[in-house]
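A.B. asks: Just passing along the structure, written as structure tokens.
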Amino acid sequence: MTITQCRVCGSGKIKTFFDLGNQPPSNSLLNSPTDPETFYPLSLTRCADCALVQLTYTVNPKELFSHYVWVTGTAKGTQEFSKVFCEKLLARAGNGKHGYVLEIASNDGTFLKPFMEKGYSVLGVDPAENIVEMAEKEGIPTTCAFWGSEEAKKTVEKKGKARIIFARNVLPHVAETNDFVEGLRIALEDEGVLAIEAHYAKVILEGLHYDSIYHEHLCYFTLRTLEFLLEKHGLYAFDIDTSPISGGGIIVYAKKTKGEESEALASYRAEEEKEEVNTEKRWEEFTERAKEHKKEFLRILREATQSGGRLIGWGASARSSTLLNFAGVNIATLPMIIDLNPLKQGKYTAGTHISIVSAEKGMGARPTHVCITAWNFAEEIRETLKNTYGFKGTCVIPLPKNPRVIS
């Protein structure tokens, strides 16, 4: 469905500025390269009234999320951050054991585990049946449902209001944005603390993360646009922090009442104003930079395969799907991509039909070059290449900013 109004403020003053072409949903991996696929428009629109950058087209959420292939605990870095995140959230919410901790879009429960280990009562809510089953097997109480005001009322009726709620990298995925946030308000205790983690549009803009644009990510929030949304529902930011996940994000902490705000929050607001990240001009410049990046990325890949070089990829992530489809990369250039997630191995990438393999099979092909398509985990992947496989070739790092080749 093509939108005619802003997803948050309802304004009809929206303008499309970046068209990435028709693409399949990034996580719609194929069992065979000949399987039928559905392609949808992928383009960015900006609201002239509230400045929110958002997708022009909405794919049915049930198609995207009812069966999911991203598992939070796959990456070592994510597991480590779950413990750090727990400590940071408790420091802002207080360490008392009363009430319970609620995570929205809890996936396999990786981020609830540290709270359980500290003795907190927890509950996860996630729409993916296969992932919920994984969480339940790990002993993490999880409800299979799409979050919104109605699900919030059911949760409160069964378990009461939560003292702590967190929603990591889910708000940008939500089609009914206002209903989702209203659900957070309903389920939160009056003195409770909410933490929302999201891709940060300022980082996307400055680092040229156009690969973070895919059908699952409907909105691209700055602090300004996120605060506008929260305040519509009686939720007020009091602090902000950074997240290392997904190439750089923000964690905004909010309560139901206005109170003392951190210096960090004021600093972020001032920096956004100074860098003009909410302006139309900056996003039009982003579009032109992305088009130039595509040309340079293809040039580097072609050079890697010349003179008998063997190139493979590492990381069949959702963001890599946008990168490869936008650039027009196919099996002639990139014959296979390693991914450590068993749910992806044996399948083929959406749109580009590249074989997804285990690390053993991929490195068994003796590559001379590895394109780290999951570049936001580049350091972790490079360590694995060196220490586990003794790789002595070169790595292509597509992003952030300009693509580059390193030893």
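Quick note: the coordinates plus some simple rules give every number you see, no bench work behind them. Model, not experiment: these values are computed from the prediction. As a convention, Cβ positions derive from the backbone with ideal geometry for all residues, glycine included, and neighbour counts pool all protein chains shown.
A.B. asks: Give me the one-decimal nm value for the distance between modelled label points at SER267 and GLU136, 7 Å along each residue's Cα-to-Cβ direction.
C.D. replies: For SER267 paired with GLU136, the spin-label model returns 4.5 nm.
A.B. asks: Which entries in the list LYS154/LYS232; LYS202/LYS347; LYS232/LYS274; LYS88/LYS256; LYS15/LYS153 go over 29 Å, if you measure between the two C-alpha atoms of each?
C.D. replies: LYS202/LYS347; LYS15/LYS153
A.B. asks: Name the long-range amide H neighbours of PHE391: under 5 Å, sequence gap of 5 or more, or other chain; modelled H, no Pro or chain starts.
C.D. replies: When sequence neighbours closer than 5 places are left aside, the close amide H contacts are LYS386.
A.B. asks: Please rank CYS371, CYS219, fewest neighbouring Cβ atoms within 10 Å first, as an exposure proxy.
C.D. replies: Lowest count first: CYS219, CYS371.
A.B. asks: Also: With each label point set 7 Å from Cα along the Cα-Cβ vector, what nm distance links THR34 and LYS386?
C.D. replies: 4.4
A.B. asks: Please list, ordered by chain and number, the residues whose modelled amide H lies under 5 Å from the amide H of SER43; skip anything fewer than 5 residues away on the same chain.
C.D. replies: Counting only residues 5 or more places away or on other chains, the set is LEU20, THR56, TYR57.
A.B. asks: Next question. Starting from the 7 Å offset along Cα-to-Cβ, what nm value, one decimal, do you get for the label separation of GLU231 and THR2?
C.D. replies: Placing both labels 7 Å beyond Cα along the Cβ direction yields 3.3 nm.
A.B. asks: Which Cys residues of the chain have no other Cys beta carbon under 4.7 Å away?
C.D. replies: CYS86, CYS144, CYS219, CYS371, CYS395
A.B. asks: Shifting gears a bit: For GLU260 and LYS401, FRET efficiency with R0 = 41 Å and r from the beta-carbon atoms, rounded to 0.05?
C.D. replies: 0.65
A.B. asks: Please list, in order along the stretch 359-375, the HN-Hα scalar couplings obtained from phi with the Karplus expression 6.51 cos²θ - 1.76 cosθ + 1.60 (θ = phi - 60°), rounded to whole Hz, x for Gly and Pro.
C.D. replies: 4, 4, 5, x, 6, x, 7, 6, x, 9, 9, 10, 8, 7, 5, 8, 5
A.B. asks: Calculate for the chain the 222 nm mean residue ellipticity that helices alone would give, adding -39,500 (n - 2.57) per DSSP H run of length 4 or more and normalising by residue count, nearest 500 deg cm²/dmol.
C.D. replies: Dividing the helical sum by the residues of the chain leaves -10500 deg cm²/dmol.
A.B. asks: For the chain, give the share of DSSP beta bridges that are antiparallel, in percent and rounded to the nearest 5; count only bridges with both residues there.
C.D. replies: 50
A.B. asks: Bin by bin, in steps of 5 Å, what percent of the Cα pairs in the stretch 39-189 do you find, going until the bin that has the longest distance?
C.D. replies: Distribution as computed: 2, 9, 17, 21, 20, 16, 10, 5, 2, 0 percent.
A.B. asks: Just check the stretch 72-275 against the gyration tensor rule for me: Cα atoms, a ≥ b ≥ c as the square roots of the eigenvalues, rounded for a/c under 1.5, and otherwise prolate or oblate depending on whether a/b exceeds b/c.
C.D. replies: Rounded, because the longest to shortest axis ratio a/c is under 1.5.
A.B. asks: Now a separate question. Would you please give the FRET efficiency between GLU63 and LYS13, computed as 1/(1 + (r/R0)^6) with r the Cβ-Cβ distance and R0 = 22 Å, to the nearest 0.05?
C.D. replies: That gives a FRET efficiency of 0.15.
A.B. asks: Here's another thing I want to ask about it. Give me, ordered by chain and number, the residues 5 or more places off PHE238 or on other chains with an amide H under 5 Å from its own placed amide H.
C.D. replies: TYR253, ALA254, LYS255
A.B. asks: Which aspartates and glutamates does LYS344 reach when only Cα atoms under 15 Å apart count, and residues fewer than 8 places away in its own chain are ignored?
C.D. replies: Partners found: GLU360.
A.B. asks: How would SER32, SER267 line up from fewest to most surrounding beta-carbon atoms within 10 angstrom?
C.D. replies: Fewest-to-most Cβ neighbours within 10 Å comes out as SER32, SER267.
A.B. asks: I need the calculated FRET efficiency for the pair ASN22 and GLU117, taking r as the beta carbon distance and R₀ as 45 Å, to the nearest 0.05.
C.D. replies: 0.50
A.B. asks: Please go through the stretch 346-395 and write out the trypsin sites (Lys or Arg not before Pro) that DSSP classes as loop and that have at most 10 other C-beta atoms within 10 Å.
C.D. replies: Listed in order of number, the matching sites are LYS392.
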